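Data block below; observations after.
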Amino acid sequence: MVLPIELIGTVSPQAHPREAPDEHPTWAADRVSARSGPYDRGMRELFDDEHEAFRESFASFVGKEIVPDYLEWEAAGIAPHELYAKAGGCGFVGMSIPEEFGGGGSDDFRFNQVVGEELAYAGIGGAGLGLTLHNDITTPYFLDVCNDEQHQRWLPGIAGGELVTAIAMTEPGTGSDLAGIASTAIRDGDVYVLNGSKTFITNGINADLVIVAAKTDPSERHAGLSLLVVERGMEGFERGRNLDKIGMHSQDTAELFFTDVHVPLANLLGDEGKGFTYLTANLAQERLSIAITGVATARTALGWTVDHVRDRTAFGSSIGSFQNSKFVLAEVKTEVDVAQAYVDQCVLRLNSGTLTPADAAQAKLWCTELQNRVVDRCLQLFGGYGYMTEYPIARAYADSRVTPIYGGTSEVMKTIIAKSLGL
C-alpha cells in the first residue's frame, strides 16, 4: 500500500472548525466537530503500523479538505466532484486497484475500514457516503467483473478520482427485490438499447460511470439481469433532480432516466444474464461497509455526549454526574465495544474470503440499528441543543435514519439470517 507520507501529521483535524462562542465552548453554531479526541485502539488488535499511518494521513486529509467546507456542502446538497480527485491524488480512493492502474495495490479491506471510521469520527455524513460507495461498493465490480480492455479504460480514472462511480439498482417500483427490476437493455447489433429509470442513486449527480442493472431478457427474472456501464454524456441518459432527503444532505442522491440509450457491447460487465450473480456476490462487502460506518458513528456520538455531559450543568451539577446519564452512557459504551469486536472479525473474514452473507447481514442489522439507538439516546442527553441542526449530534440523528433501509432493509437482513438457520 503506497501511503501519501507528505500528509502524515501535517494537519490536525481539530484545528479547522472555527472556535465556539464562550457560552458553549464545545459546540458552536458553525462548528463541525472533528475527531472526538485522539483515535484509541483500545482492545482492538486489528491494525498494524501501516494502517495507523494511513489513518493519521487520512484524518489529516479530512481535516484539511472536508471539514472546513462541509456545512456549505450540506447546504448545497452536494459535495464537489473535485473532492474525489483530491482524495485520489492522496491515495484515499482506489486502494484495492492495482498499482499499474494508479491504485494502492492492496486488497486489505482494513484500509477501507479506516476511511469509513475516520469520516464518521469527523462527523462527515453525506459527503463521506459518496467516498465509501466509490471505494467499497462500486470499485469491486470494475476490478472483478471487467475484462482487460475495460480495466485499461476505466481503472486509472477510478483510482485517481477523476471518474466518480455509482451503481443503479433501485427503481421507483422496486426496492430490495432485484429480480423485479423493470429496466430493459435489448441488444440491437453492436449496442444495447437501454430504457428505464432508477431512483435513490448515491453519487447520481457526480457520477461519470454508472453501473446499471437492467433486463437483457425481460422474460426471465434473475437469469435475465445484466450489468451495463453508462457513461456521462451518452445520448438519452438524463439525471433528474438531486433528491431532498431528511439527512445525508451533502451526498447527491438522484433519479436517473434512460431513454433509448445506446450502450456499446464493450460496456457490458461480465457475461450477459449474470448480473444477479455479480450483485449478490458484492452485497456482503457493501453491507459490511455500512456496518463499519454504523458502529463508528455510534462511537463518535458517545464521545460527543461524554464531552457535553461533563461540561453542561443542571440543578447545580454536571449532567454527567446524574445516575441516568452514567447508566445510559455505560450501556452505550458496552454495546459499541461489543459491536466493534464483531465488525472487526467480519473484516478479517472478508480479507480471508470467508465472510458469509449471513455474517454481513448480522453486522449490518445490528450496527445500523445500534447506530440509530445510540444517536437517539445521546441526543436526548443534549436536551434542546440536540435538536438544533448546527450541532453534529442532530445531523448524525438525521443521517442515521436511512442506514437500516439502504443496502437491504433490516427486515431483509433478518430474512437472510433466518435462512442461514435453515428457517
- What do you reckon, is residue 354 β-branched (Val, Ile, Thr), outside any helix (DSSP H, G or I) and either open to solvent by less than 70 Å² (accessible area, probe 1.4 Å) or closer than 20 Å to residue 283 by Cβ (or both)? yes
- Where in the stretch 224-278 are the strands (runs of 3 or more DSSP E), entirely inside, with at least 3 residues that are open to solvent by 40 Å² or more (accessible area, probe 1.4 Å)? 237-242, 253-264
- Query: Out of all the residues in the stretch 110-118, is one or more touching a strand residue (DSSP E or B) at 6+ places or on another chain (Cβ under 7 Å), closer than 26 Å to residue 230 by Cβ, buried (at least 22 other Cβ atoms within 10 Å of the Cβ) and touching a residue at least 40 places away in the same chain (Cβ under 8 Å)?
  - Reply: no
- Item | In the stretch 298-318, residue farthest from residue 55 (Cα to Cα) [restricted to those that are in contact with an Asp or Glu (Cβ under 9 Å, 6 or more places away or on another chain) and open to solvent by 20 Å² or more (accessible area, probe 1.4 Å)] | 318
- Item | Selection count, the stretch 164-220, where residues are in contact with a His (Cβ under 6 Å, 6 or more places away or on another chain), of a type in the set (S, T, N, Q) and part of a strand (DSSP E or B) | 1
- Filter result (in a loop (DSSP other than H, G, I, E, B) and either open to solvent by 40 Å² or more (accessible area, probe 1.4 Å) or among the basic types (Lys, Arg) (or both)) within the stretch 72-82: 78, 81
- Query: Taking the stretch 83-108 as the search range and keeping residues that are open to solvent by 10 Å² or more (accessible area, probe 1.4 Å) and on the phi > 0 side of the Ramachandran plot, which one is nearest to the chain's Cα centre (by Cα)?
  - Reply: 91
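The values are calculated or read from the model by the stated rules, or taken from the named source; none is laboratory data. Small disclaimer: the values here were computed from a predicted structure and weren't measured. Quick reminder, even Gly has a Cβ in these numbers, built from the backbone with ideal geometry, and neighbours come from all protein chains shown. When the accessible area is computed, the model is the full protein with side chains, heavy atoms only, and any ligands, DNA or RNA have been set aside. Shrake-Rupley method; radii C 1.70, N 1.55, O 1.52, S 1.80 Å.
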